[in-house]
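What follows is calculated from the coordinates using simple rules that are stated; it is not laboratory data. Remember, it's a predicted structure, so these values are computed and weren't measured experimentally. Note that we place each Cβ from the backbone using ideal geometry, even for glycine, and neighbour counts take in every protein chain shown.
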Amino acid sequence: MKFTVRDFRPADFLTLWQLDQSCFPPGIAYSQHELTIYIRRKTSFTLVTESGGPNGQLASSEPDSRIIGFLVAERAKTAGHIITIDVRADARGRSVGSALLNAAEQRLRSSGCEKIRLETAVDNLAALSFYKKHGYSVARAIPGYYSNGVDGLLLEKDLLSPTASE
């Protein structure tokens with residue numbers, strides 16, 4: 001599957017919010033207001049993946065079916081934070097999430113971040129497997145992290161280690 005990673009455009013917002021709603025259950029998926037706040041933060045950036053044309057495009061009834069994933073991240077002085085990473089169900093397992101994560105890590109590393117952090121639900125086994133494959137480790141549990149009462153896990157990765165850029 002061919003796809004490209006690009007920066008967010010304001011016209012993408014509704015499609016990204018709908019994608020987030022399809023990727024996460026209530027209590028974990030963001031409201032439009034929450035997602036707007038995260039995307040508009042001065043220290044954040046949003047990356048979008050688009051399928052690469054007629055031969056690479058997945059069949060879908062979604063409004064902008066070329067958008068197959070996105071990631072919102074923010075940077076602080078020495079640490080970055082992945083706020084969300086969402087990939088359409090029919091595009092999973094095709095390196096879309098890996099491309100988004102690698103692009104975000106590179107951007108954060110280039111801006112001086114030494115570490116990257118993110119949270120995921122303790123019961124999201126697919127996400128845990130994905131992040132571990134990409135060199136993240138569990139730093140600690142966060143009881144009742146999500147509004148639906150599910151506990152979270154804080155995961156971290158050292159962006160300066162020799163294996164972090166692989």
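Below, the figures for the structure above:
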quantity	calculated
Fraction of antiparallel bridges per DSSP, the range 3-165 only, in percent to nearest 5	90
Likely footprinting exposure, 154, 71, fewest C-beta neighbours within 10 Å first	154, 71
Fraction of the pair-distance distribution of the chain above 23 Å, Cα-Cα pairs, percent	37
Among 117, 94, 66: highest mean-square fluctuation, GNM of the chain, C-alpha pairs under 10 Å	94
Residue 83 long-range amide H proximity, modeled H, under 5 Å	72, 73, 74
